[in-house]
Structure formats: structure tokens, C-alpha cells
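Here the structure comes first, spelled out in C-alpha cells, and everything after it is commentary.
Here, each number is a calculation from the coordinates, and none is a lab measurement. Being a predicted model, the structure only gives us computed values, none of them experimental. So basically every Cβ, Gly included, is an ideal-geometry build from the backbone, and we count neighbours across all protein chains shown.
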């Protein structure tokens with residue numbers, strides 16, 4: 001019963017967050033979170049450095065995903081310290097790939113792609129796990145069960161990308177097609193449930209000139225599908241069906257990534273299928289092959305309470321907060337928007 005109550009509370013919290021975000025974040029005032037003075041010009045006006053809600057929600061997604069990953073591994077008696085040995089290099093490679101692969105695919109210097117990050121993490125994760133087992137695992141007497149660890153990553157990814165789509169709504173990127181360009185069935189489905197973005201600095205405005213247009217709420221759909229897959233897979237994992245949890249999380253997230261791009265209007269590269277669609281199918285096939293090669297090791301039944309207890313330590317809470325700050329600075333500092341700041345004394349208030 002504890003598992004069900006925990007997941008029900010988690011679902012409720014995410015549902016309330018989404019209900020608020022889907023109504024609020026398309027507005028103009030929910031793109032820039034803060035402007036920090038940079039250099040002062042000769043005219044006394046400061047150039048500003050913009051930090052975005054995109055970075056805030058990405059940081060939230062990273063922290064939630066990492067917490068879920070540590071929690072799941074903790075439930076099968078893998079300590080957070082040991083789990084950190086594999087999550088650190090995988091996250092570092094993913095954050096690097098989010099820029100590098102996106103630049104290669106989209107031919108733009110200042111862009112990110114969660115799809116690129118997830119593909120890179122998928123490719124390197126099994127090798128990082130095997131390397132950790134034969135080196136530090138042998139030296140310090142711990143072992144990462146391959147299928148269970150990959151399942152934990154897949155579930156954490158589902159939560160992370162689902163919540164991370166709020167970042168896309170706030171910045172106006174990864175946007176859907178205008179309803180006017182969709183077939184009648186799509187128009188009927190989203191006639192009352194669509195997004196309308198406002199603000200000249202939203203990507204949907206400067207890249208596609210779709211400010212004020214009714215568009216398919218593809219970011220919201222992705223958020224719902226991914227987090228629902230994460231919650232269901234998490235529950236299945238806790239009931240001991242580790243391989244099923246991995247396969248379910250993989251099939252839902254990667255197939256949805258492939259299918260959802262047909263409803264997107266932002267540039268995804270040339271060709272009938274985008275590079276990200278090909279990556280999603282390749283990543284799914286790759287991990288399914290890994291799941292066939294590595295048998296599910298006999299494990300104790302996951303114990304969610306033990307996982308929560310392993311994380312309930314000031315050190316881990318501080319580290320997770322630090323991860324959020326690093327992610328916010330890395331992805332939140334805007335390189336495509338500028339600002340000027342005029343700082344002066346309010347004479348009437350002296």
C-alpha cells in the first residue's frame with residue numbers, strides 16, 4: 001500500500017504542476033526569469049545577461065530524474081554513493097551531447113536538444129555500468145545489475161523529459177503545427193485544447209512567426225505521455241517486474257518521440273524523418289538488444305521505503321540542489337536574447 005500512496009501523491013503533485021503550467025507558461029512574462037547586469041556602456045546603460053524559465057524547469061527536471069534514479073536503485077539496496085559513480089559520467093555526456101548533436105543536426109550554434117542528450121546517454125549507459133562493475137565494483141565490493149539499472153535510467157528519463165517539456169513551453173520551442181495546417185480530425189481534437197504563444201522573444205515567434213496562432217500543444221502531450229509512462233513503469237518495477245518496466249518505458253517514450261515529431265512545426269533537419277526520429281528508434285532497438293543479452297539477475301523485491309531512507313541525508317539533498325544550480329546556469333543563460341538595464345536612484349524615495 002505504501003508504494004501506491006507514494007505514486008498517487010507523486011502523480012497528484014505532477015498533475016497540479018502541469019495544470020498550472022499549461023495555462024500559464026505560453027504567456028510572454030514566463031520566459032525570462034531574471035536579468036543580471038553585465039557590462040556598463042558609455043551611456044550609463046548596462047547590458048543584461050538573461051536567465052530563463054527554460055533553465056529553471058530543465059534544472060527541476062534534472063533534479064527530479066536524478067532523485068527518481070537514486071530512489072529506484074536505493075530500493076534494491078544500491079547506495080546513492082555507488083549510483084553516483086555511473087550517473088555522473090552519463091549526465092555529463094548527456095549535457096555535452098545536448099549542445100553538440102543539436103548543433104550538428106540543426107546547423108545552429110546556440111541550441112539544445114533533449115533528444116540528442118537522451119540518445120547519447122542511452123548509447124554510453126550500458127558501457128558505463130559494465131566498466132563500473134569491473135573496476136570500482138570489484139575494488140569496493142558492489143555490483144550494478146544491468147537490467148535493473150537500465151530500467152531505473154529509463155524510468156528516470158521518462159520523468160525528466162516529461163517535466164522538462166515545461167521548459168519548452170516557457171521558451172516557446174519544440175512547438176506544434178498550427179491547427180489551420182492540420183487535418184480535420186486533429187483540428188477537432190485540439191479545437192479547445194491548444195496553445196497560443198505570446199511574446200516576440202519566444203522561439204515560435206522569431207523562428208516561425210506563429211505568435212497568437214492556435215498550435216497543437218505537443219509539449220503538453222509529451223509531458224503527459226512521458227510522466228504517465230514513468231509512473232506506470234515505476235509501479236511495475238516496484239512489483240518486481242524489472243524487465244517489463246524497462247521495456248514499457250522504452251517503447252512508450254521512444255515511439256512517442258518518433259510519432260510526435262510529425263505534429264511539430266519547428267525545424268528538425270531535412271528529410272522525411274528527422275535525425276532525432278532515427279535516434280529514437282536506434283536507441284530503442286539498442287537497449288532492447290541489451291535487455292536480451294543480459295538476463296535479469298535474481299534480485300530482492302524492491303523496497304521503496306528503503307530507497308527513501310537512503311536518500312534522506314543532508315549531503316544528498318545538498319548535492320541534488322547543487323546539480324540543479326549547475327543545470328540552471330548551464331541551460332538557463334540565454335544566448336539568443338539580449339537586454340539592457342538602466343539603474344538609477346529613485347529621488348522621491350530618498
> Ranking 260, 233 by Cβ neighbours within 10 Å, fewest first, what do you get?
Replying inline: 260, 233
> Nearest 10 degrees, 0 to 90: what angle lies between the long axis of helix 314-332 and the longest principal axis of the chain (Cα atoms)?
Replying inline: 40 degrees
>> Between 0 and 90 degrees, rounded to the nearest ten: what's the tilt of helix 80-106 against the longest Cα principal axis of the chain?
In response: 40 degrees
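Using a 10 Å cut-off around each Cβ, can you sort 175, 53 from fewest to most neighbouring Cβ atoms?
Details: 175 29, 53 22.
Listed from fewest to most nearby Cβ atoms, that is 53, 175.
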> For a paramagnetic label modelled at 7 Å from the Cα of residue 312 toward its Cβ, which residues of region 48-69 fall within the zone defined by backbone nitrogen distances under 17 Å?
Replying inline: 68
> Given the C-alpha centroids of region 52-96 and region 193-256, what is the distance between them in whole angstrom?
Replying inline: 19 Å
> What's the angle, to the nearest 10 degrees (0 to 90), between helix 242-260's Cα axis and the longest principal axis of the chain?
Replying inline: 30 degrees
> Per q in 0.14, 0.15, 0.24 1/Å, what log10 I(q)/I(0) does a Debye calculation on the alpha-carbon atoms of region 112-205 return?
Replying inline: -0.72, -0.77, -1.19
> Fewest first, what order do 192, 165, 39 take by the number of other Cβ atoms within 10 Å?
Replying inline: 192, 39, 165
> Under a point spin-label approximation (7 Å from Cα along Cα-to-Cβ), what is the residue 2-residue 285 distance to one decimal in nm?
Replying inline: 4.3 nm
> PRE reach from residue 251 (point 7 Å along Cα→Cβ): which of region 135-174 fall under 20 Å by backbone N?
Replying inline: 147-159
> Across the Cα atoms of region 28-81, what radius of gyration and what greatest pairwise Cα-Cα distance (Dmax) are found, in Å?
Replying inline: 19.2, 62
> Could you work out the helix-only [θ] at 222 nm for the chain, with each DSSP H run of four or more residues adding -39,500 (n - 2.57) and the total divided by the number of residues, to the nearest 500 deg cm²/dmol?
Replying inline: -21500 deg cm²/dmol
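Would you mind calculating the gained length between residue 329 and residue 181 on full extension (0.36 nm times residue separation, minus the Cα-Cα distance), in nm to one decimal?
On the way: separation 148, 0.36 × 148 = 53.28 nm, distance 3.70 nm.
Result for the pair: 49.6 nm of gain on full extension.
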